[in-house]
Amino acid sequence: MHISKWTSAILLSVSLLIVCTGCGDPATDLQSNYAAIVLASYEDSVSTARELDEAIDAFVAAPSAEGLEAAKTAWLAAREPYLQTEVYRFYDGPIDNPTDGPEGLLNAWPLDESHIDTIIAGTDEITAAYLEGQNETPNEDSIAVGYHAIEYLLWGADTDPNGPGNRPHTDYTDANGARMGTYLATVSDMLVGHLESLTSAWMDGMAGNYRSEFAALDSSAATEKILTGMIILSGFETGGERIQAALTSGDQEDEHSCFSDNTHRDMVQDLQGVLNVWEGSYTRTDGSVIQGGGVHEVVLAADATLAATVDSRIRESLTLAQALQPPFDQEIAPGNTEGNARVQALVDSLTGANDGQEAVLMEVFTLLGLSVEIPTE
């Protein structure tokens with residue numbers, strides 16, 4: 001579930017002084033390298049989304065089973081870099097600021113598939129403006145655009161407990177096929193456009209964009225934003241909304257990427273994004289690496305013991321996410337003792353009251369004289 005409406009509840013106060021003898025200020029190094037990582041990961045998200053758009057255009061022009069599979073493969077590939085960007089949320093940055101942040105148009109969920117079916121079966125002209133107006137209308141789960149709308153249009157409803165949805169390519173050649181193809185091509189174009197707006201916001205050397213504003217912040221204010229994203233993604237969003245809620249219900253409708261059965265990768269890549277910011281490192285889709293100051297160096301300069309604790313917890317959480325067995329809907333299924341235990345172990349690693357990832361990152365906030373209010377619903 002996208003929670004941009006809660007980000008206004010993040011209340012921050014800052015009193016941070018970090019000293020590093022014989023080297024640059026770790027917080028300043030973090031600030032500049034973070035911006036470089038953000039830009040690189042959004043650029044990768046754009047490039048993979050364009051490849052997805054090309055695969056979709058080819059499929060819509062001549063629907064075939066092979067073309068549909070190619071589009072699915074491209075969708076899975078496009079998710080990999082984007083998921084690593086979710087750690088840049090929750091502080092009213094470009095992705096989810098309350099004025100024009102596009103997060104709700106990119107990754108909103110859960111999705112009521114009947115809403116999309118109704119649009120396709122209707123008579124209104126399918127345009128980007130129309131679909132954007134239909135997003136979250138009339139209900140919060142009336143999702144009309146973004147990654148998960150594309151996912152549904154490619155895979156169809158997941159009615160198989162042992163696998164993903166199995167939409168036939170002939171859905172695009174029957175009576176509603178032309179409208180479905182127009183819908184798919186339109187939301188794919190929109191996805192690229194919304195991601196391009198984020199790349200522009202973080203582009204280096206552009207006067208007046210968000211990156212120029214971020215660079216002008218004092219290092220304390222920048223550090224607080226960076227940590228806020230890490231804390232809320234770790235605990236409230238991933239540990240709570242995406243994992244604990246699904247485990248509690250045991251319902252595949254509550255998993256994040258239910259149509260494609262790609263939910264396990266959602267968890268892995270979200271937590272990889274946290275590790276990226278902690279380490280100050282991002283591996284691009286072409287294999288090149290952006291490397292520089294990370295949150296680890298900031299914490300290490302203030303409290304080496306806490307730095308080691310946080311480092312251990314983040315790596316353990318990622319390892320536990322990697323241990324999830326696809327499909328995720330079987331991991332959370334009632335009666336799957338081993339699967340439930342794997343999911344619960346990840347929840348505990350992220351949200352444990354005393355030593356979970358959220359908790360130890362909150363200790364960093366306390367150490368540095370910061371405060372953050374976590375959403376409660």
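Each of Ile290, Leu324, Thr263 was scored by the projection of its Cα onto the charge dipole of the stretch 256-377, and the greatest displacement toward the positive side belongs to Ile290; charges sit on the C-beta of Lys, Arg, Asp and Glu.
Only one residue of Asn139, Leu368, Pro98 has its Cα farthest out toward the positive end of the dipole of the chain, where Lys and Arg carry +1 and Asp and Glu -1 on Cβ, and that residue is Leu368.
Cut-off 16 Å, label point 7 angstrom out along Cα-to-Cβ of Glu54: give me the residues of the stretch 268-307 whose amide nitrogen falls inside. Once the point is set 7 Å along Cα→Cβ of Glu54, 285-286 turn out to lie under 16 Å by backbone N, inside the stretch 268-307.
For helix 337-351, report the angle its Cα long axis makes with the longest principal axis of the Cα atoms of the chain; keep it between 0 and 90° and round to the nearest 10°. Relative to the chain, helix 337-351 is tipped by roughly 40 degrees. When only the Cβ of Lys, Arg, Asp and Glu is charged (+1, +1, -1, -1), the dipole of the chain relative to its Cα centre reaches about 700 debye. In percent, rounded to a whole number, the relative contact order of the chain is 26, using alpha-carbon pairs under 8 Å and six or more apart.
With a Förster radius of 30 Å applied to the beta-carbon distance between Gln291 and Asp355, the computed FRET efficiency rounds to 0.55. Note on the stretch 233-249 and the stretch 38-65: Cα centroid distance 29 Å, given to the nearest whole angstrom. The slack in the chain from Asp117 to Asn336, taken as 0.36 nm per residue of separation less the alpha-carbon distance, amounts to 75.6 nm.
Comparing mean-square fluctuations of Gly122, Gly165, Gly177 from a GNM of the chain with C-alpha springs under 10 Å, the top value falls on Gly122. Just check the stretch 20-153 against the gyration tensor rule for me: Cα atoms, a ≥ b ≥ c as the square roots of the eigenvalues, rounded for a/c under 1.5, and otherwise prolate or oblate depending on whether a/b exceeds b/c. Oblate shape, in that a/c is at least 1.5 and b/c is the bigger or equal ratio.
Of all the options Leu217, Leu30, Leu306, the one that moves most in a Gaussian network model of the chain with Cα springs shorter than 10 angstrom is Leu217. Going by a ≥ b ≥ c, the root eigenvalues of the Cα gyration tensor, does the stretch 144-248 fall in the rounded group (a/c under 1.5), the prolate group (a/b larger than b/c) or the oblate group? The shape class here is oblate. Taking θ as phi - 60° and the Karplus parameters 6.51, -1.76 and 1.60, the scalar couplings of the stretch 84-97 work out to 6, 8, 5, 5, 8, 8, 6, 10, 6, x, x, 6, 9, 5 Hz in sequence order, x denoting glycine and proline.
Result for the chain in a Gaussian network model with C-alpha springs under 10 Å: among Met206, Met230, Met180, the largest mean-square fluctuation is at Met206.
Taking every C-alpha pair closer than 8 Å and separated by at least 6 residues, the mean separation divided by the residue count of the stretch 98-253 gives a relative contact order of 19 percent.
For the stretch 239-377, what's the relative contact order in percent, using C-alpha pairs closer than 8 Å and at least 6 residues apart? Relative contact order of the stretch 239-377: 26 percent. Summary of the geometry: the stretch 83-106 and the stretch 127-190, compared by the centres of their Cα atoms, lie 22 Å apart. Computed about its Cα centre, the charge dipole of the stretch 221-377 is approximately 460 debye, with only Lys, Arg, Asp and Glu carrying charge at their Cβ.
Classification of the stretch 110-197 by its C-alpha gyration tensor yields a rounded form. The axis ratio a/c (a ≥ b ≥ c) stays under 1.5. Residues in the stretch 301-343, backbone N under 15 Å from the label point at Glu363 (7 Å along the Cα-to-beta-carbon vector): list them, ranges by number please. Once the point is set 7 Å along Cα→Cβ of Glu363, 301-317 turn out to lie under 15 Å by backbone N, inside the stretch 301-343. Putting +1 on Lys and Arg Cβ atoms and -1 on Asp and Glu Cβ atoms, find which of Gly240, Ala222, Thr337 reaches farthest to the positive end of the dipole of the chain. Projecting each Cα onto the dipole axis, the largest value belongs to Ala222. Using only Cα atoms, find the angle between the long axis of helix 357-367 and the longest principal axis of the chain, and express it within 0 to 90 degrees, rounded to the nearest 10. Once rounded, one gets 40 degrees. Taking Cα atoms only, the orientation of helix 304-322 departs from the longest principal axis of the chain by about 20 degrees.
No lab work stands behind these numbers, since they all come straight from the coordinates. Quantities reported herein were computed from a predicted structural model and do not represent experimental measurements. Note that we place each Cβ from the backbone using ideal geometry, even for glycine, and neighbour counts take in every protein chain shown.
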